[in-house]
Amino acid sequence: QVQLVESGGGLVQAGDSLRLTCAAIVYGHTFSLYNVAWFRQAPGKEREFVAAISWRGTTTNYADSVKGRFTISKDNVNNTIFLQMYALIPEDTALYYCAVDDYAMRAILSTNPSFYDYWGQGTQVTVSS
């Protein structure tokens, strides 16, 4: 069992920065062995992949739309996932979800939400023009 709680969203202006935090509460699982990711969903749109990081933090994968602006990281000591966002644009406006793939040490960082087993409730990021 993994419970995820996102925080750090808010209303900002274009060009501003935000850091999203996802706190993982883990029961009977080892967070440090799991790939994790951030997804986002805007009203009327499909949930889309944002970024993922491998279980030991040595590999990352980013959507083209955020590459160079966003950085994903994870803290395996404190069971925490971060998304540092710079140079935000209105197109980044969405509900942001963190997710955990509970298949231990999976060799790929999937962009498919179906690979992820646990999800938070989301934190809203709104970027004004």
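Listing for the model above:
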item	result
Test: Arg40 is over 16 Å from Gln3 (Cα atoms) and assigned to a strand (DSSP E or B)	yes
Some residue of region 70-90 being out of contact with any helix residue (DSSP H, G or I) (no Cβ under 9 Å at 6 or more places or on another chain), within 11 Å of Trp38 (Cα to Cα), open to solvent by 40 Å² or more (accessible area, probe 1.4 Å) and part of a helix (DSSP H, G or I)	no
Number of positions in region 65-87 that are closer than 14 Å to Arg40 by Cα and more than 13 Å from the chain's Cα centre (by Cα)	1
Residue count, region 1-37 (criterion: of a type outside the set (Ser, Thr, Tyr), assigned to a strand (DSSP E or B) and within 22 Å of Tyr86 (Cα to Cα))	13
Answer from Ser32, Ser114, Ser54, Ser129 - the residue that is over 13 Å from the mean Cα position of the chain (by Cα) and open to solvent by less than 50 Å² (accessible area, probe 1.4 Å)	Ser32
Search result, residues across region 53-69 that are of a type in the set (Ser, Thr, Tyr) and either within 19 Å of Met105 (Cβ to Cβ) or assigned to a strand (DSSP E or B) (or both)	Ser54, Thr58, Thr59, Thr60, Tyr62
In region 35-49, the residues that are of a type in the set (D, E, K, R) and open to solvent by 70 Å² or more (accessible area, probe 1.4 Å)	Lys45, Glu46, Arg47
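The values are calculated or read from the model by the stated rules, or taken from the named source; none is laboratory data. Just so you know, these numbers come straight off a predicted model, no measurement behind them. As a convention, Cβ positions derive from the backbone with ideal geometry for all residues, glycine included, and neighbour counts pool all protein chains shown. What goes into the accessible areas is simple: the full protein's heavy atoms, side chains included, and nothing from ligands, DNA or RNA. Shrake-Rupley method; radii C 1.70, N 1.55, O 1.52, S 1.80 Å.
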